[in-house]
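Data block below; observations after.
Bear in mind these aren't lab numbers, they're just calculated from the coordinates by the rules spelled out. Owing to the predicted nature of the structure, the values given are computational and were not obtained by experimental measurement. For neighbour counting, all protein chains shown are included, and Cβ atoms are generated from backbone atoms with ideal geometry for every residue, glycine included.
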Amino acid sequence: MRSHLLIPLAAATVATSLIGAAQARAQDNPTGDPIVQKIYDEGMHHSQLERLAQPLMDSIGPRLTGSSANRAANDYLLKTYKSWGIDARNEKYGTWRDWTRGKSTLELVSPRYRVLEATMHAWSATTPAGGVTADVVMIPPASQTRDSAGFARWLQTAKGKLVLISEPQTTCRPNEDIRMWADSATYQHALFQRDSAATEWRSRFTGAGINARGLPAMLARAGVAGVLSNGWSRGWGVDKIQSSRAGDVPSFDVSCEDYSLLARLASNGQGPRVHAIAEAKLAPTESPVFNTIAQITGSEKPNEYVMLSAHLDSWDSGSGGTDNGTGTITMLEAMRILKTVYPHPKRTILVGHWSGEEEGEIGSSAFAADHPEVLKGLQSLFNQDNGTGEIDTVQTNGFIDAAPSLARWMSRMPVDMIRNVTLMLPGVPHDESTDSDAFDCYGAPGFFLTSSDWSYTDYTWHTNRDTYDKINFDNVKRNATLVALFAYEASEDPNFVSRTRIEGGINPRTGQPMRVPRCEVPPRSWESTQRR
Ligand SMILES: [Zn+2]
């Protein structure tokens, strides 16, 4: 249940003596604070977001951790900050695999020709020059393999073949579409068929005692030509496409439609053969990885910090438009607004554009570990990482006594900025894999600004459709202005935010016991993760 913040009476009374356009604006600004008004005007009426976003998402493109595009994005932010007169640096925190995507194609060559819709997974191994042509086979039903010995026998026969390792969908029509058109019995039957197929698929592994996660590597060791999988994301034409787990053989995501086509051909004995090409460049040694850090130094309390946070890295089958291009440009634009209208903050305003988030919040964790002075002086950190929707919730992440500070700051903001924003009380310790965890785990108050979903979960998060066009600039404009207002209020507040945090209790959202994020030692190289 959401608890909406009440707007103080002053909001309605402060400006009744003013006239015209000025009246409309002042009524929106409860305290009449001229800096609040300037932040609002700069963010809402002079937004630079589209100009900032387009080269990042389109020209630099996806920003896979360790890749040259990741470094180009660091340099783009650095150059942009410097052009505004904001101090910025690219801070190296380690090294990572440096992989650049090349051509990848899959063509069905038998029993008929078709170009298949497929994308090589990030960090996939490559095919020999000219590609490979191979039979396509499926993980066999449990009735054929029976146990691990049977599975091992089948494995011998898979050598040199392309193996289908995901569950084929009974239909690539989203459930909502079926529900829209089918009568109730037909809809229920379609769901039953999907569930039964999933259960049958799982039995292919459980019967043989196989760990599905470790399967690609097992197949690679057995000498298959490559693995084909499908990360259908339950919507039209959309797949989640992440990292290869297939070691030194190529790994492809195949669209739901084409994957199920291959599965039907294979399971009906119609001999599908596919020509696969996977080209990529893997640098012979790991390359440095950086966080881009920028700051406007505090004039009164330079050793206390208000921090803005969003990860810059992305998966690479789309262009990281909403994960986390939107968070990136939100924080970039908020810094521009602040430098323009509030160039001498009381506290230091810092922004962290992290790399390595998709590999486990590595960049932000490394920054937190390397900067005890920032943890000690952290007034508040604001992190955003779930897409293009309007920020509708401020998660206090269990910092129970910080909530009054946040409420006070929000009460000073223009009404249309916070009208639809919920302050989550008492707040849930957030341990769900985003960069604020890296600060919360030390007891430093990092808050998570949650956006409304905008089909993020199914359609853009880690998918092939996460592209520039999915950004809604009206929403992001508002978000950047809101973040700038939070930074301003947090910087000005005479009080230092409380660090008292609730431990234990039940998460009202999940019904599970609450877990406080634990600090982990961040890996400083990819190689070191292979020894764990
Ligand atoms: Zn993200």
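Worth a mention:
- Considering only beta bridges that DSSP places wholly inside the chain, some 60 percent are antiparallel.
- Sorting 103, 470, 161, 301 from the fewest to the most surrounding beta carbons within 10 angstrom yields 103, 301, 161, 470.
- Per-residue ellipticity at 222 nm computed for the chain from its helices equals -10000 deg cm²/dmol, with DSSP H segments shorter than 4 residues left out and the rest contributing -39,500 (n - 2.57).
- The string of couplings for region 262-267 from the Karplus curve (6.51, -1.76, 1.60, θ = phi - 60°) is 4, 5, 5, 4, 5, 6 Hz, one whole number per residue in order, with x for Gly and Pro.
- On the principal axes of its alpha carbon atoms, region 323-424 extends 37, 33, 30 Å, with the longest extent given first.
- The translational diffusion coefficient of the chain, from Stokes-Einstein at 37 °C and 0.692 mPa s with a Kirkwood hydrodynamic radius over alpha carbon pairs, comes to 131 µm²/s.
- Each of 224, 306 was scored by other Cβ atoms within 10 Å of its Cβ. Listed from fewest to most, they are 224, 306.
- For the chain, averaging the sequence separation of C-alpha pairs within contact (under 8 Å, six or more residues apart) and dividing by the residue count gives a relative contact order of 21 percent.
- Label-point separation in nm, residue 171 to residue 115, each point 7 Å along Cα→Cβ: 2.9
- Once the Cβ-Cβ distance of residue 415 and residue 506 is raised to the sixth power relative to R0 = 30 Å, the FRET efficiency obtained is 0.35.
- Counting only aspartates and glutamates at least 8 places from residue 92 when in the same chain, those with an alpha carbon closer than 19 Å to its own are 75, 286, 313, 357, 358, 359, 361, 370, 373, 435, 520, 527.
- When only alpha carbons are used to place a centre, region 296-336 and region 110-134 end up 37 Å from one another.
- Environment charge at residue 249 (Cβ cut-off 13 Å; Lys +1, Arg +1, Asp -1, Glu -1): +3
- Shown in residue order for region 399-413 are the 3J(HN,Hα) couplings computed by the Karplus curve 6.51 cos²θ - 1.76 cosθ + 1.60 at θ = phi - 60°: 7, 4, 8, 7, 4, x, 5, 4, 5, 5, 4, 5, 5, 8, 8 Hz (x for Gly and Pro).
- Per-residue HN-Hα couplings for region 452-463 [Karplus 6.51, -1.76, 1.60; θ = phi - 60°; Hz; x = Gly/Pro]: 4, 5, 6, 6, 4, 4, 8, 9, 10, 5, 6, 10
- Calculated translational diffusion coefficient of region 99-282 (10 °C, 1.306 mPa s; Stokes-Einstein with Kirkwood radius over alpha-carbon pairs) equals 94 µm²/s.
- Going from the fewest other Cβ atoms within 10 Å to the most, the residues 189, 45, 311 appear in the order 45, 189, 311.
- Helix 148-157 axis, angle to the chain major axis (alpha carbon atoms, nearest 10°): 80
- Between the amide H of residue 94 and those of 289, distances stay under 5 Å, these residues lying 5 or more places away or on another chain, with hydrogens modeled in the peptide plane.
- Here is the list for region 434-532: GluC sites (Glu not before Pro) lying in DSSP coil, each with at most 16 other C-beta atoms within 10 angstrom of its C-beta, are 503, 520.
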